[in-house]
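First comes the structure, then the notes that go with it.
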Amino acid sequence: MKETLKKIQGTAQRVLSSIEHQEAPVLTFPIRSLSNVEYNEKEGYFKILNKVKERKLTANTIKTFAQTLLLMNESKKIIETDDIMTKREAYYVSKNWGDAKFNEQPESDAVMDDIEAMMRTQREQIGFIPEEDGGAVAGAITIIEKDPETGEDIEIDCTKFASGAYNIPNQVEGLKFKTNAKFVLAIETAGMFQRLVKHKYWKSANCILVSLKGVPSRATRRFIRKLADENKLDVFVFTDGDPYGYLNIYRTLKVGSGNAAHINEFFCVPNAKFIGVTPQDIIDYKLPTHPLKDIDIKRLKDGMKNDPFVKHHKEWEKALKQMATLKKRAEQQAFASHDLNYVISTYLPDKLKDHSKWLP
């Protein structure tokens, strides 16, 4: 946190110095998009390149410039008082800023992301946290948290939940783990997660189940990364068979995104493997399907043309082409057409055994 404070104070000092020299101050931010990343399989994530944008104080930028400095000031106060501020609270705090107030939360979220990128740090380290919590965890793991009041360890045995699960908190850096599990299984939908929990799949497979709840939150991604790194665990991802599951959920978890390129290094899970529903599974398992929507087809085309991850891994390029040819998608729950617990008795065991059916 001291390092973050130094960065804030250094930026403020440079702005002041420019003003004192009667020069227009400039703030510099890295460009956050797929056009400013490179993918190297060895490093394992979308690495941000050197393209930057400048925010120079002019008549046109004065409001955004002021909002950036005022939000940096709020961050400084949060760090100095060891407090937190949700993204929604930051939006409301701005209502005291007169003409510099944010009219909508997306405006404050965007400025917050700019500050995070400019500081080359994690948003949580500048004191801002999201409203929503992370995913859910069940299975062969004990999670150790610090009691915020006493500082004593609290152990949460995730095998003791009957039907519930451990909710991943917004901040996970202080968590510790005890586990003898063989791997982590990250699951797209809450419904499939609940099925695996109800029948204690984690027990027969000796694994840890994590519900992603759609595109995983930053806390969920960081939790899985930390868990995998510290315990040398493989991570398998089970999503629907559609472009959203492939490119928004899995690819974001594994290598990050263009918009968050400045923090991918900390939030991606490079060793993740895809064992979700592939286009070939639709054929092999004779799954019920839905036709691809226009937005699905556009996502497939964008992925094949512009996504550095897809272009690097020919297996994914082939899978996306196959889906585009089939013009069909299938949900995780489609296996219920064979039997409600087909995923437990057949699909997951078979998929985990046959490495040739995994996607990178």
Leading residue at positive end of dipole, the chain (Cβ point charges), from Thr289, Ala324, Thr4 = Ala324
Provide the solvent-accessible area of Val215, counting protein heavy atoms only and rolling a 1.4 Å probe, rounded to the nearest 10 Å².
-> 60 Å²
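So for Glu74, Glu149, what's the accessible-area order with a 1.4 Å probe, most first?
On the way: Glu74 20, Glu149 165 Å².
Correct descending sequence by accessible area is Glu149, Glu74.
Step by step: find N for the chain, compute 2.2 N^0.38 Å, then divide the Cα radius of gyration by it. What's the final number? Let's see the in-between values first.
Values: Rg = 22.5 Å, N = 360, 2.2 N^0.38 = 20.6 Å.
After normalising by residue count via 2.2 N^0.38 Å, the value is 1.09.
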With a 1.4 Å probe and all protein chains in place, put Ile31, Ile78 in order of accessible area, largest first.
-> Ile31, Ile78
Under the 7 Å Cα-to-Cβ spin-label approximation, Asp83 and Ser345 lie apart by a distance in nanometres of 5.7 nm
Carbon and sulfur together cover what percent of the accessible area of the stretch 163-307 at a 1.4 Å probe radius?
-> 50 percent
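Got a number for carbon plus sulfur as a percent of the stretch 27-130's accessible area, 1.4 Å probe? Spell out each step's value before the answer.
Numbers: 2450 of 5210 Å².
Heavy-atom surface of the stretch 27-130 belonging to carbon and sulfur, 1.4 Å probe: 47 percent.
Within a Cβ distance under 12 Å of Ala66, other residues only, what is the Lys/Arg minus Asp/Glu net charge? Please report the intermediate quantities before stating the final value.
Values: positive: Arg55, Lys63, Lys101; negative: Asp99.
Around Ala66, the surrounding residues sum to +2.
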Glu20 accessible area, assembled protein chains, probe 1.4 Å, Å² = 120 Å²
Residue-ordered couplings for the stretch 234-250, obtained by feeding phi - 60° into the Karplus form 6.51 cos²θ - 1.76 cosθ + 1.60 and rounding to whole Hz (Gly and Pro as x), are 5, 10, 10, 10, 10, 10, 4, x, 8, x, 5, x, 6, 9, 8, 8, 5
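How high is the FRET efficiency from Lys357 to Lys146, r the C-beta distance, R0 45 Å, rounded to 0.05?
Working: r = 42 Å, r/R0 = 0.92.
Efficiency computed from Cβ-Cβ geometry: 0.60.
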Helix 2-20 axis, angle to the chain major axis (alpha carbon atoms, nearest 10°) = 40 degrees
Solvent-accessible ranking of Tyr342, Tyr244, largest area first, probe 1.4 Å | Tyr244, Tyr342
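Using the beta-carbon distance between Glu20 and Ile154 and R0 = 41 Å, what value does 1/(1 + (r/R0)^6) give for FRET efficiency, to the nearest 0.05? Before the final figure, lay out each step's value.
Working: r = 51 Å, r/R0 = 1.24.
The calculated FRET efficiency here is 0.20.
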Lys pairs in the stretch 104-254 with Cα under 18 Å (8 or more apart in sequence, or on separate chains) total 21
Computed over the chain, protein heavy atoms only, probe 1.4 angstrom, the accessible area per residue in square angstrom equals 49 Å²
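When ranked by the protection proxy of mean other Cβ atoms within 10 Å per residue, highest first, what sequence do the peptides 331-337, 234-240 form?
Details: 331-337: 19.0, 234-240: 22.1.
Descending packing order for the listed peptides: 234-240, 331-337.
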Per-residue accessible area for Glu230 at 1.4 Å probe radius, Å² rounded to 10?
-> 100 Å²
In degrees, nearest 10, range 0 to 90: what is the angle between the Cα axis of helix 105-119 and the longest Cα principal axis of the chain?
-> 80 degrees
What's the FRET efficiency of Ser163 with Glu131 using the Cβ-Cβ distance as r and R₀ = 30 Å, to the nearest 0.05?
-> 0.75
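Which shape class applies to the stretch 250-360: rounded if a/c is under 1.5, otherwise prolate when a/b exceeds b/c and oblate if not, where a ≥ b ≥ c are the square roots of the Cα gyration tensor eigenvalues? Don't skip to the end; give the middle numbers.
On the way: a/c = 2.04, a/b = 1.37, b/c = 1.49.
Taking the square roots of the gyration eigenvalues as a ≥ b ≥ c, the stretch 250-360 is oblate.
The values are calculated or read from the model by the stated rules, or taken from the named source; none is laboratory data. Note that this is a predicted model, so its numbers are computed, not measured. Using ideal geometry, Cβ is built from the backbone for each residue, glycine included, and neighbour counts are taken over all protein chains shown. Side chains are part of the model used for accessible areas, which takes the heavy atoms of the whole protein and leaves out ligands, DNA and RNA. Shrake-Rupley method; radii C 1.70, N 1.55, O 1.52, S 1.80 Å.
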